[in-house]
1. Among the residues that make up segment 252-264, is at least one of them open to solvent by 40 Å² or more (accessible area, probe 1.4 Å), hydrophobic (A, V, I, L, M, F, W, C) and not in a strand (DSSP E or B)?
2. Of (1) touching a residue at least 60 places away in the same chain (Cβ under 8 Å); (2) surrounded by fewer than 18 Cβ atoms within 10 Å (Cβ to Cβ), P83 satisfies all except one. Which?
3. Filtering segment 120-138 down to residues that are part of a helix (DSSP H, G or I) and within 12 Å of the ligand (Cβ to nearest atom), which residue is farthest from G287 (Cα to Cα)?
4. Select, from P276, P241, the only residue that is open to solvent by 20 Å² or more (accessible area, probe 1.4 Å) and either under 30 Å from T303 (Cα atoms) or in the same structural domain as E132 (by TED's automatic domain parsing) (or both).
5. Any idea which residue in segment 171-196 is most open to solvent (accessible area, probe 1.4 Å), counting only those that are among the charged types (D, E, K, R) and free of Cβ contacts under 8 Å to residues at least 40 places away in the same chain?
6. Out of V310, V291, V318, which single residue is surrounded by fewer than 18 Cβ atoms within 10 Å (Cβ to Cβ), at pLDDT 95 or above, β-branched (V, I, T) and more than 23 Å from the chain's Cα centre (by Cα)?
7. What pairs come up if the first residue lies in segment 141-152 and is within 15 Å of the ligand (Cβ to nearest atom) and part of a loop (DSSP other than H, G, I, E, B), the second is open to solvent by less than 10 Å² (accessible area, probe 1.4 Å) and at pLDDT 95 or above, and their beta carbons are under 7 Å apart, counting only those six or more places apart or on different chains?
8. Of everything in segment 265-283, what is in contact with a helix residue (DSSP H, G or I) (Cβ under 8 Å, 6 or more places away or on another chain) and assigned to a helix (DSSP H, G or I)? Give them in sequence order.
Amino acid sequence: MRALEAEVGSAPSNRAAIERIDAFTCERPPLHRNFLEDVEEHADNPDVGPADIAQALRGEHEELLGPDGTFSFRTDNGEFELPLRRNCSYILLGHSTQPTRAHPYLERDVVNHELGHALHYGLWLASGPLGERLSTAANEAIADILAHVFDGDPCHGKVLGEGGTPVDCRRRMDVYEQSVSDAFWRFGRADHETGQSLRQLIWTLREEVPADALRVAIVDGIAAVQVALSQIDAEPLANVPIFDDEILATRYRFVREYEAASAFFHAVCASLEDAPPACGEHAQRIGDPRVAMREAWLANAPTSIGRSGVTLADGRRVTFELEGALIRQMTVTLADGEQQSYLGDPDLGLPEAEREPTSGRITLWFSAPGSTAPGAQVGWTSDGELIAR
Ligand SMILES: [Zn+2]
């Protein structure tokens, strides 16, 4: 790694530096999966050069060495890794740090789950490039489905009690409590639990359709997710690097998770003759598509509004000054022409994002520089209101 750091520091361009790290990642002990993605975000930033990338690489190296100087990935779970250029892939399997679970490298569920990711992306890569952004709900459900559908074990990840005997499961294949839409809305993003209704769908079908037909249906479902994600990638704002605009970011996260899960459901069920009863439960399992919310949030995202602005019912006009993906300033023009400017956090630049847990509504909070009332903030909401606190 020391040799790589030197090579990267003297690379002729950021792109050349990134290519060197990527090649190294496939040839030698791998770097953490997010490192290259983080670096690549700054590839075209004029303030960043190869020396900065080499510095980031040294920071990564120090983290891998840890306080005791032992090179280790320090992961206590499993991870499927597909480096940036997709020239290779591998699985990292760590040591358990808790008495309630076996070492991931000894745990069949974890190994099969990571191999499930490999099989899943392998199927996608066989038909073209992967999408820009994926779907956590679909990806994690599919990895669990591929890990368990043929071994028939509904318990994913054994929780160990005293004496090391299994007493519980970290996830189950045979239960779900809420739709994908509702599960997403509880957190504002997807996690390993969001796709429970997809796991349980396959588990139900497993009892009702022949294994060969189910296998074909799952492969059809996986292919349909890729089509859905590619369609989203083609939307104009779908892949802007969203740093500040939490309204747009949450909106696109929701669309990806919902549409990927819905596509999987439809394709699996369309593949089966005489669709079983579970296939009639799209509304219950995938949930509310929140179509009106999607449109309102897209219209009210600062990234969409920009300098062209919106006029509120009371005559005030709101515009946003953007620099790439950064929200530099919000300006409110009063009916009499007076202008008031608001900035995000003075150190970070970005507005503070707040989410209401039940409605999901997001408010981006800005401050008025030099305001007579310190701490007073003005908020722009995902439903297009200007509010104060
Ligand atoms: Zn996973």
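1. So in segment 252-264, the residues open to solvent by 40 Å² or more (accessible area, probe 1.4 Å) come out as 253, 259.
Retained after the next criterion (residues that are hydrophobic (A, V, I, L, M, F, W, C)): none.
Within segment 252-264, not a single residue is open to solvent by 40 Å² or more (accessible area, probe 1.4 Å), hydrophobic (A, V, I, L, M, F, W, C) and not in a strand (DSSP E or B).
2. Evaluating P83 over (1) touching a residue at least 60 places away in the same chain (Cβ under 8 Å); (2) surrounded by fewer than 18 Cβ atoms within 10 Å (Cβ to Cβ) leaves (2) as the failure.
3. Y121
4. Values: P276 fails: open to solvent by 20 Å² or more (accessible area, probe 1.4 Å).
The unique qualifying residue is P241.
5. First, the residues of segment 171-196 that are among the charged types (D, E, K, R): 171-172, 174, 177, 182, 186, 189, 191, 193.
From the residues that got through so far, the ones that are free of Cβ contacts under 8 Å to residues at least 40 places away in the same chain too are 171-172, 174, 177, 193.
On the way: R171: 30, R172: 88, D174: 53, E177: 180, E193: 88 Å².
By that ranking, first place goes to E177.
6. Working: V291 fails: more than 23 Å from the chain's Cα centre (by Cα); V318 fails: surrounded by fewer than 18 Cβ atoms within 10 Å (Cβ to Cβ).
Just one listed residue meets the conditions, V310.
7. none
8. F265, H266, A267, V268, C269, A270, S271, A278, C279, H282, listed by residue number.
The values are calculated or read from the model by the stated rules, or taken from the named source; none is laboratory data. Since the model is a prediction, treat every value here as computed from it, not as a measurement. FYI the Cβ positions are ideal-geometry reconstructions off the backbone, even for glycines, and counts take in every protein chain you see. Ligands, DNA and RNA are stripped out before the accessible areas are found, and what is left, the full protein with its side chains, is counted by its heavy atoms. Shrake-Rupley method; radii C 1.70, N 1.55, O 1.52, S 1.80 Å.
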